[in-house]
Amino acid sequence: MGVVHIRMAANRRTFTDVQGTVLSAHKESTTEDKMSFYDSWSELYEQDVMILDYRAPVLAAESLAAVIHENRDKVLVLDVACGTGLVAKQLQRFGFHNFHGVDGSEGMLELARCKSIYQTLQKCMLDSELLPASSDSYDAVVIVGALSGGQVPPAILPELHRVTKTGGFVCMTTRNNTSNRLYKKQLQAVIEEMEQNRLWERVTVQEIEHWEKATTEAEQGSTYISGIIYLYRKLRSYD
Ligand SMILES: C[S@@+](CC[C@H](N)C(=O)[O-])C[C@H]1O[C@@H](n2cnc3c(N)ncnc32)[C@H](O)[C@@H]1O
């Protein structure tokens, strides 16, 4: 009975419910609090992001598929902050099949495990730990929906670059809404510094107008917030 009750409640989720959940996340101050938030949101996460028309996973998958045409079944992808596995699910549609995933929330990882599409899934705190991978391991590294204030800091970028093979791709997304402007500026500063040092080169930077529905009062006039997909190719390792 209890399970049925929860399912029925989940089916009735409205935009206002989701808005309340997302706004409550902004109040979490420490990373531990944020991970507890994701643990508790994990069961409803996919349903809720559908209500928000969260398009980042499909857009990131399309952007990677646009540059990797051949042997997609052999390409090894690291999905950083994989959550419940939405990005790998979208990449599968394009013929990618080899995925490793990392995330800091055990609840989100458990949902990703249920999809049986990742070869490995590991818990990793992305603001304090190194990625659990050797240098030059992956053909592509993706991080979607996690590069924003209070989540994964821009300092992760050299780690994303380290575990990518030379010639491989790093696909990163961030939101372009008012509350994320400062973070985005800091993120872009790191991206550009690495570009100037010829550690990677820009492949595409796409601004997407309809990223997801706005949830804060200040942004709701615009209905959707915009977002950005940065796609870079690794040129060399750090000296
Ligand atoms: C909005 S979800 C995005 C999940 C998935 N990439 C997607 O697009 O559906 C953000 C994910 O980042 C993870 N995350 C956020 N900050 C983190 C941190 N500092 N360390 C580890 N994981 C973190 C959360 O646990 C959550 O699963």
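Can you spot a residue in the stretch 125-132 that is among the charged types (D, E, K, R) and without any contact (Cβ under 8 Å) to a residue 24 or more places away in the chain? Scanning the stretch 125-132, I find at least one residue that is among the charged types (D, E, K, R) and without any contact (Cβ under 8 Å) to a residue 24 or more places away in the chain, so the answer is yes. Would a scan of the stretch 133-143 turn up a residue that is within 9 Å of the ligand (Cβ to nearest atom) and not basic (Lys, Arg)? Yes: one or more hits.
Against the numbered list (1) out of contact with any Ser or Thr (no Cβ under 6 Å at 6 or more places or on another chain); (2) closer than 25 Å to LYS213 by Cβ; (3) open to solvent by less than 40 Å² (accessible area, probe 1.4 Å), ALA56 comes up short only at (1).
In the stretch 89-121, the residue that is most open to solvent (accessible area, probe 1.4 Å) out of those that are over 16 Å from the mean Cα position of the chain (by Cα) and of a type in the set (Lys, Arg) is ARG93. Of the residues that sit in the stretch 209-219 and are at pLDDT below 90 and open to solvent by 70 Å² or more (accessible area, probe 1.4 Å), which one is farthest from ASN176 (Cα to Cα)? Taking the candidates together, the pick is GLU217. When restricted to residues that are more than 8 Å from the ligand (Cβ to nearest atom) and under 14 Å from the mean Cα position of the chain (by Cα), the stretch 144-158 contains 6. Listed by first and then second residue, the pairs with beta-carbon distance under 7 Å, at least 6 apart or on different chains, first residue in the stretch 67-88 and open to solvent by less than 40 Å² (accessible area, probe 1.4 Å), second of a type in the set (S, T, N, Q) and within 16 Å of the ligand (Cβ to nearest atom), are THR84/SER42. Within the stretch 22-39, can you find the residues that are open to solvent by 50 Å² or more (accessible area, probe 1.4 Å), small (Gly, Ala, Ser) and within 11 Å of the ligand (Cβ to nearest atom)? Listed by number, the list holds a single entry, SER36. The sole residue among GLU32, GLU62, GLU43, GLU70 that is under 20 Å from LYS115 (Cα atoms) and out of contact with any helix residue (DSSP H, G or I) (no Cβ under 6 Å at 6 or more places or on another chain) is GLU43.
The values are calculated or read from the model by the stated rules, or taken from the named source; none is laboratory data. Nothing here was measured: the structure is a model prediction, and the numbers come from that model. Using ideal geometry, Cβ is built from the backbone for each residue, glycine included, and neighbour counts are taken over all protein chains shown. Calculation scope for accessible area: heavy atoms of the full protein, side chains included, ligands and nucleic acids excluded. Shrake-Rupley method; radii C 1.70, N 1.55, O 1.52, S 1.80 Å.
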